[in-house]
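What follows is calculated from the coordinates using simple rules that are stated; it is not laboratory data. Note that this is a predicted model, so its numbers are computed, not measured. Using ideal geometry, Cβ is built from the backbone for each residue, glycine included, and neighbour counts are taken over all protein chains shown.
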Amino acid sequence: MAIKNREPSDLIRELSLDSIEDIIYSFPKKYKEFTVVKSAEDVITGKNLAFKAQIGMPVYYPERKRLVKVDLNIEGKRASACWFNQPYKKIQILKLKPSAYFAGEAVANNREIVFYHPMVGKEPIYQNSGIYPEYCLEVNDNEVRTIIKKVFDGNGIIKETLPESLINKLKLMKLKDALYLMHFPKDLSNLERARKRIAFDELLQWKLTILTEKQKYNSKNAPILNPDSELIKNFISSLPFKLTIDQKRVVEEVFSDVKNNKPMHRLLQGDVGSGKTVIAVSALLCAISSGFQAAFMVPSEILSKQHFEKLREWLAPMGVKIYLLTGSTKKSERNLIIEEINKGVPLILTGTHALITEGLELKNLGLVVIDEQHRFGVRQRLSLIEKGICPHTLVMTATPIPRTLASIFYADLDYSEIKTMPEGRQEIVTKIINKNDVKKLYSIIKENLKNYDSRVFYVCPLIEDSDSLRLESVKKRHKELVNLFPEFEVGLIHGKIKQSEQDKVMQDFRAGKIKILVSTTVIEVGIDIPQANIMVIENPERFGLAQLHQLRGRIGRGKLGSTCYLLVDEEAYSSKRIQIFEKVSDGFELAEKDLELRGQGEIIGSKQSGIDQTLKVANPLKDTDIMRVAQKVAEVIMQKDPDLLHFKELKFKMEKTFKDREVIKAI
Ligand code: ADP
Ligand code: MG
C-alpha cells in the first residue's frame, strides 16, 4: 500500500513541519504503559497488557454492531479480542494468522477476558519496556515511529546544543540520546531523564531569549520624563471620580520609573474593570508633557476606537493631540497622521499593532502602553527597539493571571497590581439558566429595558472567524431576538462584518439606539459601556474561564446592578468550570482556580500564547528546579559569552523557535 512507503518528506508536508529535524521534535503527546505478558499468570483483568497471542478464526457479526471477534491464546490463557464497526479487521486478522502482537486493556466480561479494540500488529507494538508512545497525529502511530526511526538512522541530523563540560557537570543526558528515548523509551525513569534534558534545553533557550532582550533594553537610554506637570494634575483632577488608593500607588510607581533614563518595563495587573485605563493615560501624559510622543496599543479595532474616543473626551479639551491608527485607517488619513508624527510634535497615537508593524518611524516616542498584553508578542516590543528607539513601556494584562505565573512569564518586568475595585461598584451576580427556561430570561430582559436606560449583551460562541456554521447561528439568534423584542432595537456584531459597520453598531449601542447587542467575542476585551447591565452568554462551556471573565467584565461598570446569565443545556449544567464561574467573581481568585483546573497554557490563552509550540516538554510551573538551573546557566552564559559564540547550535535553535512564532507572548 502507498501508506507503507511514506517517507520523512511526506510527514513534513502532511504535518506542515519546517524540516526533518522538526519530525524528531514532534514528541508523543502521552505514553501508555503496558505490562508485557511473560506467562499466563500475567494475564490479569483491569490491566494494560502487551503480548503475543495465537489467534483463531476471526468471526464477523454484522447484526451485533458489526462486531469482529477473534479467540486468543496468550501463553496458554484463553481470551478474545473484539472490534465494533470495523469489519475490515476481519481480513486484517486473517492475514496475521497464526499469531500476532497485541496491546490493550484486559476486561472481565462474563468470566471471559476480553480486549476491546486492542492495538494489533505483526511486530511488537510496545517498546521493550511496554511503554507505548501515542502521538495523537493524523498519521498512524506505527507509521510515525517508522519514519522517526528512519530519521534517526540518517546521519548527522541531531547536533548537540550544549558543551560536553556542561553536560557532565549537570549530569544531563546527551541530546541525541534524550531525543531518541522520547520516541523509543526503555523505561519510565529513563524517559523522565530524557524529558528533563529536553526541558532544560527549552528553558535555557527561553531564559537566554529573555536575558538577551533585557540586555537590549537596558543598554539603551530612555528619555527622562516629567510626571510633575500641570497637564497631569489637571487630567487627574478633571476626572469625574477620585483615584482609588491602588490606582494612586500604581501611578506613583509609574511616575518614579519614567523619571529615570533607564527604560521602564512594568507590568500592571488589575482585574477587569479595576480602572487601568486611567493609569495608562497618566503614563501617556508623562511623555506628552515632556515633549515626546506616546503610543497606546490595543489588540482590537473596536477597543482602539473606544480608547481613542475616551482619550479625546478627556484630553482634547486640554489641547492634547490624539490620533487613531488601525489596519482600516484610510490611506489619506494615515498619511496625514504620519506627517504629524514625522514633525515630532507631542501627540498620542492610539491603535492596534498596525501601529508598529506598518513601518512607522516613531523617532520621538517616549512611552508605550500595551493594553491587554497577552495578544501581543515580544516581536512587537522588539521591533520598536530595532528602530532605534527605547521608550518606557507599560504592559497591562486583560485578565489577571496568578502571581506565580506572572513571575515566570513576565520575568523581566517590574510588577504593579490593582487589587481593589473603584468604590460603589456593584458585584455582578452570575446565574446559570437552563435553556428550557429561556422565556423567563426574555421577560427579565424586557422588564429591565423598560425600567432603566440599560443595555444587554447577548453573546454567542463563535470562537473562530472561519466558523461559518456557527456564524449562521449567531445570525439566527439575532433574527429571533428581533422578532421577540419588537419594541427594542436589536443589533448584531461579529468579525465578518465590515469594520465601519462594526463601528456604527458599537456607536449605536453605546448611544442607546440599539438596546440588545447580539455578538460574538469581538466584544470580549475592554469594551466599556457603563449602562450595560445584563449579559447573556450562550453555551458558556465553549469558553475558557479567563475568556468568560473578560466577557462578564463588560457589565457591572455603572450604577445599575448587573447580572450575567449563563445559558446552558443539561449537559453543560454540571461543568465544573461553569459552576466555579457562577460562584467566583474575583478575577485573581478565578485565575488561581483556572490554573488548578487546566494548567498553565489555557490561562494565557494557550492557542494564542505560543507556549505550546515553544515549550513542548518543559512545564515552568512544575519544573521549577530545572528552571532555576537554566536561569543560572543563562546568566553565566550571558556574562561570559553574550553572543553565544560557543553555543552556535543552541543559538540557531533559539532563533528558529523564538523568532517568527509570537513566542511566549507574555514576556
Ligand atoms: P479596566 O481595568 O478593565 O481597563 P477601565 O479602565 O475601563 O477598567 O475602567 C472601568 C470603568 O471604571 C470605567 O468606566 C472608568 O471610567 C471607571 N473608573 C476607573 N477608575 C475609577 C475610580 N477610581 N472610581 C470610579 N470609577 C472609576
Ligand atoms: Mg481595559
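Some notes on this structure:
- Estimated dipole of the chain in Debye, rounded to 20 [Cβ of Lys and Arg +1, of Asp and Glu -1, Cα centre]: 940 debye
- Simple point charges give the picture: +1 on the Cβ of Lys and Arg, -1 on the Cβ of Asp and Glu, and for the range 212-290 a dipole about the Cα centre of about 200 debye.
- Applying a DSSP loop filter and a limit of 12 other Cβ atoms within 10 Å to the chymotrypsin sites (Phe, Trp or Tyr not before Pro) in the range 213-271 leaves F241.
- Working note: Cα gyration tensor of the range 35-125, eigenvalues times five, square-rooted, sorted largest first, giving semi-axes of 20, 15, 11 Å.
- Placing unit charges on each Cβ (+1 for Lys and Arg, -1 for Asp and Glu) gives the chain a dipole about its Cα centre, and among A178, A287, Y60 the Cα reaching farthest toward its positive end belongs to Y60.
- Phi to ³J(HN,Hα) by Karplus 6.51 cos²θ - 1.76 cosθ + 1.60 over the range 259-265, Hz, x for Gly, Pro: 6, 8, 8, 7, x, 6, 9
- Selection from P223, I113, I432 lying farthest towards where the dipole of the chain points positive, charges on Cβ: I113
- Here the label points at S500 and S165, each 7 Å from Cα along the C-beta direction, are separated by 6.6 nm in the simple model.
- Candidates Q579, V474, S562 compared by Cα position along the dipole of the range 428-584: farthest toward the positive end lies S562, with charges placed on Cβ.
- Spin-label model, I20 to D625: label points 7 Å out along the Cα-to-beta-carbon direction sit 3.6 nm apart.
- Cβ-derived FRET efficiency at R0 51 Å, D228 paired with C136, nearest 0.05: 0.30
- With the simple spin-label model, which puts each label point 7 Å out from Cα in the Cβ direction, the E112 to L336 separation comes to 8.2 nm.
- Cα gyration tensor shape of the range 428-584, rounded if a/c is under 1.5, else prolate or oblate by comparing a/b with b/c: rounded
- Sparsely packed loop sites in the range 93-144 (the GluC sites (Glu not before Pro) outside DSSP H, G, I, E and B with at most 15 other Cβ atoms within 10 Å) comprise E138.
- Cα-based shape type of the chain, given that a ≥ b ≥ c are square roots of the gyration tensor eigenvalues and the cut on a/c is 1.5: oblate
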